[in-house]
1. For the stretch B:151-161, indicate whether the set of residues that are open to solvent by less than 80 Å² (accessible area, probe 1.4 Å) and modelled with pLDDT of 85 or more is non-empty.
2. Out of the stretch A:144-158, which residues are facing another protein chain (nearest Cβ under 8 Å), in a loop (DSSP other than H, G, I, E, B) and of a type in the set (D, E, K, R)?
3. Let me confirm something: among C:Val279, C:Val286, C:Val353, which residue is within 14 Å of chain A (Cβ to nearest Cβ) and modelled with pLDDT of 90 or more?
4. I'd like to verify a number: residues in the stretch B:43-56 that are open to solvent by less than 10 Å² (accessible area, probe 1.4 Å) and in contact (Cβ under 8 Å) with a residue 12 or more places away in the chain, how many?
5. For the stretch C:108-122, indicate whether the set of residues that are crowded, with 21+ Cβ neighbours inside 10 Å, of a type in the set (Lys, Arg) and within 14 Å of chain B (Cβ to nearest Cβ) is non-empty.
6. Filter the stretch C:40-84 down to the residues that are among the aliphatic types (A, V, I, L, M) and either assigned to a helix (DSSP H, G or I) or over 29 Å from B:Glu43 (Cα atoms) (or both) and list them by number.
7. If I ask for residues that are of a type in the set (Gly, Ala, Ser), closer than 18 Å to B:Arg148 by Cα and touching a Ser or Thr at 6+ places or on another chain (Cβ under 8 Å), which ones from the stretch B:19-67 would you list?
Amino acid sequence: MALSTPSIFEHLTAAFPELTLAHDEAAPCIIVPAAGIKDVCLQLRDHPDTAFDFLMSLSGIDFADGTLGVVYHLASMTHKHKLTLKVVVPKDAPHVVSVEKVWRTADWHEREAFDLYGIVFDGHRDLRRILMPYDWEGHPLLKDYEVPEFYNGMKVPY
Amino acid sequence: MGLLSQQYDDGNIVLTTAEGVLNWARLCSLYQMSFGLACCAIEMMAASASHNDIMRFGVIPRPSPRQSDVMIVAGTVTLKMASRLKRLYEQMAEPRYVVSMGSCSNCGGPYWEHGYHVLKGVDRVVPVDVYIPGCPPRPEALLEGWMRLQEKVRTFTTVRPKATDNAAA
Amino acid sequence: MADLKENIAEHIESGRLKTDELILHMGPQHPSTHGVLRLELVLDGEIVVKVIPHLGYLHRCFEKHAEAMTYPQVIPYTDRLDYLASMNNNHGYVLAVERMLGIELPERVEYIRVIMAELQRIASHLVAVGTYGLDIGAFTPFLYLFRDREYILDIFEKTCGARLLYNYFWVGGLSHDVHTGFEKEVGDFVKYFRPTLTEVNTLLNYNKIFVQRTANVGVLPADVAISYGCSGPMLRGSGVDFDLRRDDPYSIYDRFDWKVIVGDGEVGTLGDCWDRNMVRMKEMAVSCDIIEQALASFPEGDVTTALPKRIRPPKGAEQYARVENPRGELGFYVVSDGTANPFRVKCRAPGFVNLSVIDEISQGHLISDLVAILGSIDIVLGEIDR
């Protein structure tokens, strides 16, 4: 049976009282603390009522106010419902617990968020850059990122 | 100057220079390195497939740079790819030619302004003989570029003209 | 020296002769990597022990561009993500923005979008099957399939003026109406095209060599596919009955009568390379069905009535829209901060996720089988590296 985000939230608060529900009619989501995301995800995946077996997307985001975020879009193939989870971390210490052991999809998505935003996923088995060269400096999707003048002797700006 | 312009009426005799024969042979069998980068590579494939059939120009895609004469840079060259592209170019045997296909490899294309990881023009790492504009260029544009390259090969000389020759002319 | 001999003799006797592992780099320039993918292979002789993909050789900074452009200006960049399926990419992005703005589309726009998206799906699968044959060593089907693809591109060109990258779907509608005679041309194409599928089946898919190269190779079990997040023909080839056009309906796909194609392990194991390829073949016929039904009830009307003058979604609005791309689930996560530029656009590329499973399914196969596996995933580097 497809559940709405508030009813899933009700479901979760019994085990995880520290969650908050962001009240937005168009795009409701659940805010999860960075350290607890893996347990919440395991519960969501394994409980037969929620059964979120499919991680659609995992995106890093720079809120431009000194915080970074990670947004998880989950879907269930059996119940056909969807859920959005959000984690907000300070920009100077961006540590989030990895969910790569929960869904293997998260493996490369977390590497990408690390590459482009510098968010460190604790417990990830192989956290390397994925898109940018391994010797690149900085994380280019941050809002205050400045493009280097040269890379390996090649001029970068036009 | 066409190769057959100084042909005798009867008999299989053609008068030309050794250079003319070499260039003619070369321009009719320019082997292309099969090396697709991005969107333009699909148009390059379309050019070698049924409707356009670039093989009638003697173009055969070769998988190895050692066996090929022309590198078509078909698509966006990124900073990560640039060093590999240069190495591939250096592995080709001379005389070698580079065709820059599409806006991205000409000058960065739509990625020129905010592309922090895009090389703004392949001519920053390898010398380019023919530029083909378009995003992506049609297969017909690639054929046109190919004919321009053939013109270039036709006028190739192994003996470099001396500076005094130019002064006399 | 004597020690070594004894050692080897002992190993051979016990049947566990340990050979050294060899590391081989495949790509970025390699004919079968379909672009600029680099695979680092750990080999034991010719047997693949581990595959480590290295991406990013075509990282064109799409997400940075999206933040610097206005909403309509992002559409041409979505074209260039998956350059074999530009229409479908446009669709995913405009769907996300339309949901943020709450736009209702005219009937005719929805019909044209579905027809265009399905034609594009056929064109994309034609390239996928054709180049797959090329990887396996069959050159002729490639020419047959590219011949038919050109007819689709001709229709696109007449309507939007471009062969490959269209910028045709706009937020709230289309850039302009279809050309005169569009319905007849599409109808004629579908009629012409159906026999090609039978032709290719006899020429390629049931060819003994092709079957031997692809059946029982790269078997992907359904639970692994779901855990890795595979989608599209990759997931359906493993026998999972899931298609976003039916299970998370968007546009007007729920009005048509069509069925989801699922692999059945006809010549080998369920979820092998042959199944994935066959799903693509059968999906082309399904796309033809959808197009025919859409043409039968094609409405008249104006396609530009819902185009907004000013595209500024409210501050804090966000939307994740997903569509069924030829390669799988294409998702766009768009966040607005109330200005004319998106605050964040994340593209969930199907190829990116599908490719991550390659290490899992190619272990224990030969290098030549790895080529078959890679071809059956049908990757497009433009969307993987973005």
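The values are calculated or read from the model by the stated rules, or taken from the named source; none is laboratory data. Worth saying up front: this structure is predicted, and the values here are computed from it rather than measured. Don't worry about glycine lacking a Cβ; one is built from the backbone with ideal geometry, like all the others, and counts go over all protein chains shown. Accessible surface areas use protein heavy atoms only, side chains included; no ligands, DNA or RNA. Shrake-Rupley method; radii C 1.70, N 1.55, O 1.52, S 1.80 Å.
1. Yes, some residue in the stretch B:151-161 is open to solvent by less than 80 Å² (accessible area, probe 1.4 Å) and modelled with pLDDT of 85 or more.
2. Answer for the stretch A:144-158, where residues must be facing another protein chain (nearest Cβ under 8 Å), in a loop (DSSP other than H, G, I, E, B) and of a type in the set (D, E, K, R): there is none.
3. Exactly one of C:Val279, C:Val286, C:Val353 is within 14 Å of chain A (Cβ to nearest Cβ) and modelled with pLDDT of 90 or more, namely C:Val353.
4. 4
5. No, the stretch C:108-122 contains no residue that is crowded, with 21+ Cβ neighbours inside 10 Å, of a type in the set (Lys, Arg) and within 14 Å of chain B (Cβ to nearest Cβ).
6. C:Leu41, C:Val42, C:Leu43, C:Ile47, C:Val48, C:Val49, C:Val51, C:Ile52, C:Ala66, C:Ala68, C:Val74, C:Ile75, listed by residue number.
7. B:Gly58
Conditions tested, residue by residue: (1) closer than 20 Å to C:Arg327 by Cβ; (2) loosely packed, with under 15 Cβ neighbours inside 10 Å.
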{"position": "C:Leu164", "(1), (2)": "yes, no"}
{"position": "C:Val186", "(1), (2)": "no, no"}
{"position": "C:Lys208", "(1), (2)": "no, yes"}
{"position": "C:Asp223", "(1), (2)": "no, yes"}
{"position": "C:Ser227", "(1), (2)": "yes, no"}
{"position": "C:Asp243", "(1), (2)": "yes, no"}
{"position": "C:Asp248", "(1), (2)": "yes, no"}
